[in-house]
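Accompanying notes for the structure given below.
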Amino acid sequence: MGCSNCGTGNLQGKKPSGCKNNGNCGTTGCNKLNTFDWLGNIERPVGYKPFNIVEIRFKGGRKEYFKNSNNLTLYIGDYVVVDAENGYDVGEVLLKDELVKLQLKKRGLTADQIDKKIQRICNEADLEKYNNAKEKEAATLTRARTVALEMGLSMKLSDIEFQGDNRKVTFYYTAESRVDFRELIKVYADEFKVKIEMRQIGFRNEAARLGGIGSCGRELCCSTWLTDFKQVSINAARIQNLSINMLKLSGVCGKLKCCLNFELDTYMDALKNFPKTKNLTLETENGAATLQKIDILKNLMWFQVGDETNWVPLKTELVKDYMKLNESGKKTPVLSVPKNDENNGTPTAVRSKTDFMNSADLLSSDLAGLDKKTKQNSNNHKKHHNRNKHKNKKRDN
């Protein structure tokens, strides 16, 4: 898929001209795990010597670092030929110069540890060979899955990646336990006539490689920007008062959604203002008020007084004052449902069952009146049409 903004990724026999947005394209064509080059438009000082390590991206968001020993003039989005095992590979320039130092520091690497080099910028022959290798991936993956099923192996082949020189193919798979695929590799080597490498990945990594759309309607975080998969606990959902429904809390990878951790710190800070007592009950002058639910971000606690159907919302500060009154042996004032007043921000209570029934009756009566009015307008239109038709006949006679 090529980028509609800059044309990067359009390899139909043409040499890419480089990304014109410094790797910050606004479409999904070439923004997989992008790093914005915020130094790209800044002029370099006189005598500046560029950092000779370049970040290269391959299929599935895989990134590696290579030395630009030949001092090639590279732009973000260019496709280059790089060193690989028993041959060469083709990748896309993702980041260069000073920002690569920060990326190496983040990964715990140094420039001395980078041994592989960039050979040259891709020419038409390199791109044609690269495209031919990529076109075979779908058919090869389908056949490989069929062979694995026939051999009865408990593994799932999720993705495949051909090396740029078409000499090696890497199969990415997921499995619950260790898989003995020695015989499988022999069959693959005889059928595909290339070097075979099997690489096991986790379920989150599988979703990151394949990509997709989350329940929020956006692309998966793991396939666009998220690289560190932190442990997600079910307690994160409980703290945020989310319903413990695994179908809704699980992502496309089958694990708990990574976004459950995004707002967890905010909720934990907000919960510090709430009383620590569980199953809280306030002794009021009109009966015992039992805690039903809390609204963490609004600092509201909802109480049910006796058997009343309506719940009374109270601010956490007021609840703490009432708890102090109960501890001193006194009862709190009468709790009543406040009226809805949008001007002064008074919170509204949960509507009772009778309120919903009354609303439903009003809605049904409104619909009945609307239906009656629609039929009346339709009859008037027919009468008017027949009257005009009769007048036209008399005029013709």
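Numbers below:
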| item | result |
| --- | --- |
| Length-normalised contact order for region 42-190 - Cα pairs under 8 Å, 6+ apart - percent | 20 |
| Cross-link pairs 59/257; 63/134; 129/255; 63/230 - those with Cα-Cα distance over 27 Å | 129/255 |
| Of 248/298; 106/195; 293/331; 117/195, pairs whose Cα-Cα distance is over 30 Å | 106/195 |
| Cβ-based exposure ranking for 248, 278, in which fewest neighbours within 10 Å come first | 278, 248 |
| Least to most buried among 259, 222, 216 (fewest other Cβ within 10 Å first) | 216, 259, 222 |
| Candidate aspartates and glutamates for bridging to residue 96, where Cα separation is under 20 Å - those fewer than 8 sequence places away on the same chain excluded | 37, 43, 55, 64, 78, 83, 112, 115 |
| Within region 102-252, percent of DSSP bridges classed antiparallel, to nearest 5 | 55 |
| Neighbour cut-off at most 12 other Cβ (10 Å), DSSP loop, chymotrypsin sites (Phe, Trp or Tyr not before Pro), region 252-325 | 262 |
| Filtered GluC sites (Glu not before Pro), region 202-285: DSSP coil and at most 14 other beta carbons within 10 Å | 263, 285 |
| Approximate spin-label separation residue 83-residue 150, in nm, with each point projected 7 Å along Cα-to-Cβ | 4.0 |
| Linear extension gain, residue 129 paired with residue 218, 0.36 nm per residue minus alpha-carbon span | 28.6 nm |
| Neighbour-count ranking [beta-carbon atoms within 10 angstrom, fewest first] of 85, 308, 55, 176 | 176, 85, 308, 55 |
| In sequence order, calculated HN-Hα J values of region 117-126 (Karplus, 6.51, -1.76, 1.60; Hz; x Gly/Pro) | 10, 8, 7, 6, 7, 4, 9, 5, 5, 5 |
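Since every read-out is calculated from the coordinates, none of them should be taken as a lab result. Not measured: the values here are computed from a predicted model. Ideal geometry is used to build each Cβ from the backbone, glycine not excepted, and the neighbour counts take in all protein chains shown.
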